[in-house]
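J.: Below is a structure I'd like to ask you about.
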Amino acid sequence: MEMNGGKQESSSVEEGRKGRMTLTLALVTLISAFGSSFQYGYNVSVINSPAPYMQDFYNRTYINRNGVPMGTSFQTLLWSLTVSMYPLGGFFGSLMVGPLVNSCGRKGTLLINNLFSIVAAVLMGTSEIAKTFEVIIVSRVIMGIYAGLASNVVPMFLGEMSPRNLRGAIGVVPQLFITLGILIAQILGLTVILGNPEGWPLLLGLTGIPSAFQLLTLPFFPESPRYLLIQKGNEDQARQALQRLRGWDDVDDEIEEMRQEDKSEKKEGHLSVLTLCTFRGLRWQLTSIIIMMMGQQLSGINAVFYYADRIFLSAGVDANSAQYVTVSIGAINVLMTFLAVFIVESLGRRILLLAGFGLCCGSCAVLTLALNLQNTVSWMSYLSIVCVIIYIIGHAIGASPIPFVMITEMFLQSSRPAAFMVGGSVHWLCNFTVGLVFLYMEAGLGAYCFLIFCGICLATMIYIFFIVPETKNKTFMEINRIMARRNKVKIHAEAEQTMDLETVPGMKADKPEVLGSEL
């Protein structure tokens with residue numbers, strides 16, 4: 001009994017060592033998230049506050065060139081392009097993820113990506129001096145490409161270098177910095193700061209500062225160890241990177257786990273998006289990330305932010321305070337995402353996804369009722385405020401951060417870049433679609449449009465409940481084994497022996513097969 005107890009204690013100590021947040025890991029997480037994810041959020045909301053002044057600049061520039069004012073329809077078209085080119089650029093950026101991360105590495109892709117942001121920041125910051133509004137629209141496309149790459153590469157990079165019992169918490173950090181970027185843009189966009197006729201060019205140009213900081217600091221930190229060993233075949237560099245990230249020399253267990261993943265995937269090579277979409281061994285993983293990404297963007301988050309101002313106005317908030325209301329909602333978003341960092345490892349991914357989409361579903365249903373009755377029942381406007389806050393909480397703890405964590409965890413090294421390309425493309429296409437059709441939905445359905453979002457949240461929640469497994473504190477190979485059973489495919493025999501995997505019912509264990517081969 002003493003020996004057994006000693007072994008358990010030793011195992012417990014070893015597990016504690018592996019889960020330690022070292023200074024190197026903390027710094028690379030913060031630098032990656034601030035230098036990349038922060039700007040995704042910043043550029044989502046940076047043009048909202050100065051919109052009237054930017055549109056006035058468009059009109060003045062047009063008058064100087066042509067001698068006549070810009071037509072209303074043409075001005076609307078130009079502003080629609082300014083807004084919509086960002087998610088469209090994000091879609092194109094997502095398509096670049098696979099080729100770049102496979103050839104340049106995760107860290108290398110982030111460093112190259114900074115050039116997009118710096119160029120766009122200079123162009124936007126000097127647009128008024130140059131008297132050209134076209135460069136703002138072009139720069140929004142460039143920033144979209146930057147954000148499309150950043151939103152996919154940062155979770156991949158951090159997920160691959162995190163110890164498994166911190167992978168969820170570290171995986172939520174990029175989303176935390178996205179919400180922080182939104183909040184900082186809202187604060188700087190206040191009329192008393194930079195959201196005014198003189199300050200908006202600087203407001204747009206500030207986006208280059210985090211990129212410059214990352215460009216100067218990230219080269220001093222290691223590349224993803226999994227990329228170095230599995231894709232580059234350089235075990236020495238992978239070991240050195242792991243030793244720096246973990247803070248000790250004994251990293252043999254993690255190196256061995258990577259070797260087994262490498263062996264199990266040898267015959268597959270790197271999966272392209274086309275192969276991924278037709279490969280039975282990854283069928284449920286692919287379906288799951290598409291459903292979660294669609295649910296994330298089609299769940300009504302943009303609509304809630306759109307309605308927030310008028311909901312608070314109906315509750316008696318002064319019109320001049322509308323900007324501060326928006327900032328307060330942004331602050332709630334940051335606080336709840338910050339909370340998610342600390343609870344994702346204790347509660348698990350599934351619980352947060354189900355709770356998040358559940359809260360969004362319920363709040364959308366009640367909000368529909370409250371908005372339709374607020375003119376007849378006085379206290380309904382206050383119920384609307386409560387619904388908005390609950391919705392923001394639900395999205396912040398589950399729907400926003402967890403899907404990107406799940407992409408990292410549900411795919412192995414050979415298929416992960418292609419999976420991020422698919423997930424990122426769905427994310428940005430749905431973002432673009434909502435921006436395109438929501439105003440028409442709102443005009444045609446009014447507050448009843450929230451019933452559509454309620455239905456989408458409910459459908460996503462049901463899918464997650466029945467299909468998506470818990471991935472907390474599991475290795476990538478253990479997660480792959482769980483999904484292999486759902487896909488009814490065989491696991492590579494050598495990997496099974498090393499990991500002591502259970503045989504999937506109906507499989508013959510004596511015949512070695514490639515990971516994911518069909519039954």
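J.: Check off (1) in contact (Cβ under 8 Å) with a residue 24 or more places away in the chain; (2) in a helix (DSSP H, G or I) for Asn48 and give me the number that stays unchecked.
T.: Asn48 satisfies all of (1) in contact (Cβ under 8 Å) with a residue 24 or more places away in the chain; (2) in a helix (DSSP H, G or I) except (2).
J.: Next question. Quick one: which residue in Ile311, Ile289, Ile301 is out of contact with any strand residue (DSSP E or B) (no Cβ under 9 Å at 6 or more places or on another chain), of a type in the set (A, V, I, L, M, F, W, C), over 21 Å from Trp428 (Cα atoms) and assigned by the TED database to the domain that holds Pro469?
T.: Exactly one residue qualifies, and that residue is Ile311.
J.: From Ile178, Ile187, which residue is among the β-branched types (Val, Ile, Thr) and open to solvent by 40 Å² or more (accessible area, probe 1.4 Å)?
T.: Residue meeting the stated conditions: Ile187.
J.: Can you tell me which residues in the stretch 58-73 are open to solvent by 80 Å² or more (accessible area, probe 1.4 Å) and either in a helix (DSSP H, G or I) or under 19 Å from Pro201 (Cα atoms) (or both)?
T.: Arg60, Asn64, Arg65, Asn66, Thr72, Ser73
J.: Residue check, Val426 against (1) at pLDDT below 95; (2) open to solvent by less than 30 Å² (accessible area, probe 1.4 Å); (3) over 26 Å from Gln260 (Cα atoms), all met but one. Which one?
T.: Val426 satisfies every listed condition except (1).
J.: Further question on the same structure: How about the stretch 211-221: which of its residues are farther than 26 Å from Lys131 by Cβ, open to solvent by less than 10 Å² (accessible area, probe 1.4 Å) and not aliphatic (A, V, I, L, M)?
T.: Gln214
J.: Those residues that are open to solvent by 30 Å² or more (accessible area, probe 1.4 Å) and over 18 Å from the mean Cα position of the chain (by Cα), I need them from the stretch 106-128; list them, please.
T.: Scanning the stretch 106-128 gives Leu111, Ile112, Leu115, Phe116, Ile118, Val119, Val122, Leu123, Thr126, Glu128.
J.: Exactly one condition in (1) touching a residue at least 12 places away in the same chain (Cβ under 8 Å); (2) of a type outside the set (Ser, Thr, Tyr); (3) outside any helix (DSSP H, G or I) is not met by Val317; state its number.
T.: (1)
J.: Test Met336 against the criterion of being open to solvent by less than 50 Å² (accessible area, probe 1.4 Å) and not assigned by the TED database to the domain that holds Thr191, and give yes or no.
T.: yes
J.: Let me confirm something: among Ile393, Ile351, which residue is aliphatic (A, V, I, L, M), open to solvent by 10 Å² or more (accessible area, probe 1.4 Å) and closer than 30 Å to Ser264 by Cβ?
T.: On inspection, the qualifying residue turns out to be Ile351.
J.: Scan the stretch 298-332 residue by residue and report those that are open to solvent by less than 20 Å² (accessible area, probe 1.4 Å) and under 18 Å from the mean Cα position of the chain (by Cα).
T.: Answer for the stretch 298-332, where residues must be open to solvent by less than 20 Å² (accessible area, probe 1.4 Å) and under 18 Å from the mean Cα position of the chain (by Cα): Ser299, Gly300, Gly330.
J.: Could you tell me whether the stretch 111-134 includes any residue that is in contact with a Cys (Cβ under 9 Å, 6 or more places away or on another chain) and closer than 19 Å to Gln39 by Cβ? Reasoning before the result, please.
T.: Pass one, the stretch 111-134, residues in contact with a Cys (Cβ under 9 Å, 6 or more places away or on another chain): 111-112.
Still in the list and also closer than 19 Å to Gln39 by Cβ: 111-112.
Yes: one or more hits.
J.: Quick check, is Lys131 open to solvent by less than 60 Å² (accessible area, probe 1.4 Å) and either outside the structural domain of Ala419 (by the TED database) or touching a Phe, Trp or Tyr at 6+ places or on another chain (Cβ under 8 Å) (or both)?
T.: Judged against the criteria, Lys131 is not a match.
J.: Related question: So, of the residues in the stretch 134-169 that are in contact with a Pro (Cβ under 8 Å, 6 or more places away or on another chain) and within 14 Å of Val28 (Cα to Cα), which turns out to be surrounded by the fewest Cβ atoms within 10 Å (Cβ to Cβ)?
T.: Among those residues, the one meeting the criterion is Glu160.
J.: Among the listed residues Ser103, Ser84, which satisfies the condition of being at negative phi, in contact (Cβ under 8 Å) with a residue 12 or more places away in the chain, open to solvent by 10 Å² or more (accessible area, probe 1.4 Å) and not basic (Lys, Arg)?
T.: Matching residue, one of Ser103, Ser84: Ser84.
J.: Can you tell which of Ile402, Ile385 is over 16 Å from Ile290 (Cβ atoms) and either touching a strand residue (DSSP E or B) at 6+ places or on another chain (Cβ under 6 Å) or touching a residue at least 24 places away in the same chain (Cβ under 8 Å) (or both)?
T.: Numbers: Ile402 fails: over 16 Å from Ile290 (Cβ atoms).
Exactly one of Ile402, Ile385 is over 16 Å from Ile290 (Cβ atoms) and either touching a strand residue (DSSP E or B) at 6+ places or on another chain (Cβ under 6 Å) or touching a residue at least 24 places away in the same chain (Cβ under 8 Å) (or both), namely Ile385.
The values are calculated or read from the model by the stated rules, or taken from the named source; none is laboratory data. What you are looking at is a predicted structure, and each value in this text was computed from that prediction instead of being measured. Using ideal geometry, Cβ is built from the backbone for each residue, glycine included, and neighbour counts are taken over all protein chains shown. Side chains included, ligands, DNA and RNA excluded: accessible areas come from the protein's heavy atoms. Shrake-Rupley method; radii C 1.70, N 1.55, O 1.52, S 1.80 Å.
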